[in-house]
Amino acid sequence: MVKIKERRLFEEIAAILWNDWDPIGVNDGENEWNDEYDSYVPHIFRLALEGKNASRIALFLSSTIEQNIGLSASPQHDLAVANKIVEAKIRICD
């Protein structure tokens, strides 16, 4: 049962990054590919499972945008996305 919940959380995080985070704006609602941010999911998944709060996850999202993607982060947006991730973790795993 735990593995099923973890898999659901992993998939939910990927969906949140694609639908809500999307810092480079590639999700126009018509793309058939949605794996642009999948490389970030494992680390965010670990943070969520470790019980890190939304602020900690948001810091990772913001630093990823600035350091890996090379764009300016929007800390408020990243915090809103991080809150969705924490809520998903609570809903699915707790």
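All of the numbers you see were taken from the coordinates with simple rules; none came from a lab. None of the values given here were measured: they were computed from a predicted structure. Neighbour counts are summed over all protein chains in view; Cβ atoms, including those assigned to glycine, are modelled from backbone coordinates with ideal geometry.
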Please state which of the following conditions GLY29 fails to meet, knowing it meets all the rest: (1) loosely packed, with under 11 Cβ neighbours inside 10 Å; (2) touching a helix residue (DSSP H, G or I) at 6+ places or on another chain (Cβ under 8 Å). (2)
Which of the residues belonging to segment 68-92 are more than 22 Å from ARG7 (Cα to Cα) and among the polar types (S, T, N, Q)? ASN68, SER72, SER74, GLN76
Any idea how many residues of segment 44-55 are exposed (fewer than 13 other Cβ atoms within 10 Å of the Cβ) and closer than 14 Å to ILE16 by Cα? 0
Any chance you could count how many residues in segment 7-23 are under 16 Å from ILE69 (Cα atoms) and out of contact with any Leu (no Cβ under 7 Å at 6 or more places or on another chain)? 3
